[in-house]
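Remarks on the structure that follows.
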Amino acid sequence: MKESTAPSNFIRDIIEKDIKNNKNDGRVHTRFPPEPNGYLHIGHAKSICLNFGFAAEHGGLCNLRFDDTNPSKEEAEYVESIMEDVGWLGFDWDDRLYYASDYYEQLYDYAVQLIEAGNAYVCSLSPDEIRQYRGTLTRPGKDSPYRTRPIEENLDMFMRMKAGEFKDGSHVLRAKIDMASPNLNMRDPVIYRILRATHHRTGDRWCIYPMYDFAHCLSDSIEGITHSICTLEFEDHRPLYDWFLDKLGVFHPQQIEFARLNLTYSVISKRKLLELVKLGYVTGWDDPRMPTLAGMRRRGYMPGAIRDFCERIGVAKRESYVDIALLEHCLREELNKRAPRVMAVLRPLRVVIDNYPEDKVEELDAENNPEDPGMGTRKIPFSRALYIEKDDFREDPPKKFFRLSPGREIRLKHAYYIKCTGVVKDEKSGEVVELHCTYDPETRGGWSKDGRMVKGTSHWVSAAHSLEAEVRLYNYLFTKEKPEEEGNGGDFKTWLNPDSLETLTSCRVEPSLAGAKPGSFYQFLRKGYFCVDSVNSSNKALVFNRTVTLRDTWAKIEKAQKNRGSR
RNA sequence: UGGGGUGUAGCCAAGCGGUAAGGCAGCGGCCUUUGGAGCCGCCAUUCGGAGGUUCGAAUCCUCCCGCCCCAGCCA
């Protein structure tokens, strides 16, 4: 029996039942069939994990197949990015890289067979007329006058369509099914159209292209796919999927539909993501705020976290909006285990340790990851002038604020206890610009021999030894939990978050970060997880992206205090 | 007034006639040289609603209600 701890779901049930009944000789063969008309996003990740996952679970195979039947929208750039993203996510299609366009010749032959059997005809109605003849949701359609065109004539016309004798849109090949079907997809759907566009792979070799419904089921059949997993909106297309396969008498895969992923505070639709890119609301498909795999990778997401997420959300047929907090949880869990700890001060406040010798510099030991002692330790320089986080000092500390304030003592992580003895303010603005402190030499390393306790521990950096860096703080791209919901005229862009990116340019990071490699990731102690930007960072100018913050209990307390105060 | 789906906690989601798994979020507490992490505890007398069948119903039946998808020569 199954030893896997994977949770039960309806697709796995179907697959396991099929194996038990020895359907398809017990084979499991799936496919991930993206259209190369945009970059992959987190919703695709769910599909990829499902398809490759089910195959792997049952000793089967999963193909990567580009569904490239509409040259007017598809580009080679997209196929490149898709292959990179699927590989990055951790899946391998071996030598099974296919394109629907590989099958154009065979698909054409199948269409001819359909015509010969009287199951398809060339229709010369205009697009507008076809729409009118189709009827409505509640009213049946009516037969096209070309529906009775003789087989020989259909064959001739279709051949001439292929030969380029007709203008775009002047004729189409249609399946002859039932214009009165309550399922509109069965009202003599178009299966080939004339379209003069250069295809990214076949160039100008063809001027007729098959439609999705025709190409997809047959591509699945040709590849011997056993379980063709797709999203819910194709449920109505299943009768058509089955119809083509039955009429042609070829191998018959089973289509199974599941609910697509929706994520709060995000928009997941290639069309809408393209819009954000085209209109310049983001810097590109790989903008770290985008839910694209390229964007998430640049943001610092790890493939394992995304896979874990996809497993945890499950798969079902009901529409759902997954809380983005779950994605972040999966991310933090992985990062917590693997990210080296490092100190970085995002909004520096200068601190002078008055009783520390002017020229002295000490090298203190710091663990790289308390979760994993195997990651070792490193040295960090300590000196008289330091920077701490502005947020870590309050002249007038509120209740439960454990950090530094006048007269109060805290610990500097891995270093010493310090006590605040003076505050220097800008004369004009009144802003605190520098702190004077004393340190206790007896607390080296952060321990007090006399058992004296401090409630707060701050991270810090030596002023003279630290490096300057730019840090990009990302927030949700949208301010509304469900940006695609109606309201504000129904335009999701209304909910774009004006503060989705905050750039900090005078951050100070510890010297061990010199030469940090693009893509490398760290936990900035007490602040969050950050990675070196793979596009804009260099040895001369370090740029970090905030991947995700740490959970912030103090922020929660403070927010609660404010809410209480305002009531 | 057509057809196809789908309703279990704030958000996901198991459950398949034997008395509501799990995760996230939230809330308490412990612990802590990260207000991080970790640990412990709490969080659905009830499954969209109403009837019915049954010793027993989230599971079976009937009716009702809500939500999603379909009228591209897109996928």
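What to note about this one:
- Of the residues making up the range A:58-65, not a single one is out of contact with any helix residue (DSSP H, G or I) (no Cβ under 6 Å at 6 or more places or on another chain), of a type in the set (A, V, I, L, M, F, W, C) and away from RNA strand B (no atom under 16 Å from the Cβ).
- For beta carbons closer than 6 Å, sequence separation of 6+ or different chains, a first residue in the range A:141-164 that is within 21 Å of A:TYR209 (Cα to Cα) and a second that is at pLDDT 95 or above and among the polar types (S, T, N, Q), the qualifying pairs are A:TYR146/A:SER124.
- Residues of the range A:115-151 satisfying the condition of being hydroxyl-bearing (Ser, Thr, Tyr) and either more than 42 Å from the chain's Cα centre (by Cα) or open to solvent by less than 30 Å² (accessible area, probe 1.4 Å) (or both): A:TYR121, A:SER124, A:SER144, A:TYR146, A:THR148
- Tabulated pairs, the range A:40-54, first more than 12 Å from A:ALA294 (Cα to Cα), second among the polar types (S, T, N, Q) and open to solvent by 20 Å² or more (accessible area, probe 1.4 Å), C-beta under 7 angstrom, 6+ apart or interchain: none
- When the residues of the range A:534-545 are filtered to those that are farther than 20 Å from A:VAL461 by Cβ and under 19 Å from the mean Cα position of the chain (by Cα), the one that is surrounded by the most Cβ atoms within 10 Å (Cβ to Cβ) is A:SER534.
- One residue alone among A:LYS399, A:LYS413, A:LYS360 is surrounded by fewer than 16 Cβ atoms within 10 Å (Cβ to Cβ) and within 14 Å of RNA strand B (Cβ to nearest atom), and that residue is A:LYS399.
Results for (1) surrounded by fewer than 16 Cβ atoms within 10 Å (Cβ to Cβ); (2) of a type in the set (Phe, Trp, Tyr); (3) touching a Phe, Trp or Tyr at 6+ places or on another chain (Cβ under 8 Å); (4) not in a loop (DSSP other than H, G, I, E, B), shown as yes or no for each residue.
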position	(1), (2), (3), (4)
A:GLU427	yes, no, no, no
A:LEU435	no, no, yes, yes
A:THR438	no, no, no, yes
A:GLU442	yes, no, no, yes
A:MET453	yes, no, no, no
A:VAL461	no, no, yes, yes
A:ALA464	yes, no, no, no
A:ARG472	no, no, yes, yes
A:LYS482	no, no, yes, no
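- Against the numbered list (1) surrounded by fewer than 22 Cβ atoms within 10 Å (Cβ to Cβ); (2) under 28 Å from the mean Cα position of the chain (by Cα); (3) within 13 Å of A:TYR104 (Cα to Cα), A:ILE222 comes up short only at (2).
- Search result, residues across the range A:220-245 that are on the phi < 0 side of the Ramachandran plot and in a loop (DSSP other than H, G, I, E, B): A:ILE225, A:THR226
- The listed residue being in contact (Cβ under 8 Å) with a residue 12 or more places away in the chain and either surrounded by fewer than 15 Cβ atoms within 10 Å (Cβ to Cβ) or within 17 Å of the chain's Cα centre (by Cα) (or both), out of A:PRO370, A:PRO340: A:PRO370
- Note on the range A:82-106: among residues that are more than 19 Å from the chain's Cα centre (by Cα) and closer than 15 Å to A:PHE32 by Cα, the one that is most open to solvent (accessible area, probe 1.4 Å) is A:ASP95.
- When we screen A:GLY304, A:GLY295 for residues that are within 13 Å of the chain's Cα centre (by Cα), more than 9 Å from RNA strand B (Cβ to nearest atom), within 20 Å of A:CYS49 (Cα to Cα) and open to solvent by less than 10 Å² (accessible area, probe 1.4 Å), the only hit is A:GLY295.
- Sole exception among (1) farther than 19 Å from A:VAL461 by Cβ; (2) open to solvent by 30 Å² or more (accessible area, probe 1.4 Å); (3) modelled with pLDDT of 95 or more for A:TYR522, by number: (1)
- Yes/no for A:VAL548 being buried (at least 16 other Cβ atoms within 10 Å of the Cβ), among the hydrophobic types (A, V, I, L, M, F, W, C), modelled with pLDDT of 95 or more and away from RNA strand B (no atom under 16 Å from the Cβ): no
- Tally of residues being near RNA strand B (Cβ under 10 Å from one of its atoms) and not aromatic (Phe, Trp, Tyr) across the range A:116-161: 18
- The condition (being over 27 Å from A:VAL190 (Cβ atoms), open to solvent by less than 80 Å² (accessible area, probe 1.4 Å) and aromatic (Phe, Trp, Tyr)) is satisfied by just one residue among A:PHE52, A:PHE32, A:PHE66: A:PHE52.
- Among residues that are charged (D, E, K, R), within 9 Å of RNA strand B (Cβ to nearest atom), without any contact (Cβ under 8 Å) to a residue 60 or more places away in the chain and in contact with a Pro (Cβ under 9 Å, 6 or more places away or on another chain), A:ASP213 is included.
- Restricting A:LEU261, A:LEU274, A:LEU245, A:LEU279 to those that are surrounded by 20 or more Cβ atoms within 10 Å (Cβ to Cβ) and at pLDDT 95 or above reduces the list to A:LEU261.
- Identity of the residue in the range A:26-67, within 22 Å of the chain's Cα centre (by Cα) and among the acidic types (Asp, Glu), that ends up nearest to A:GLN254 (Cα to Cα): A:ASP67
- Qualifying residue in the range A:321-332 (condition: within 17 Å of the chain's Cα centre (by Cα) and in a loop (DSSP other than H, G, I, E, B)): yes
The values are calculated or read from the model by the stated rules, or taken from the named source; none is laboratory data. All values derive from a computational prediction rather than experimental measurement. A quick note on method: Cβ atoms are made from the backbone with ideal geometry, for glycine too, and the neighbour counts reach across all protein chains shown. Areas reflect the complete protein model, heavy atoms only, side chains present, ligands, DNA and RNA absent. Shrake-Rupley method; radii C 1.70, N 1.55, O 1.52, S 1.80 Å.
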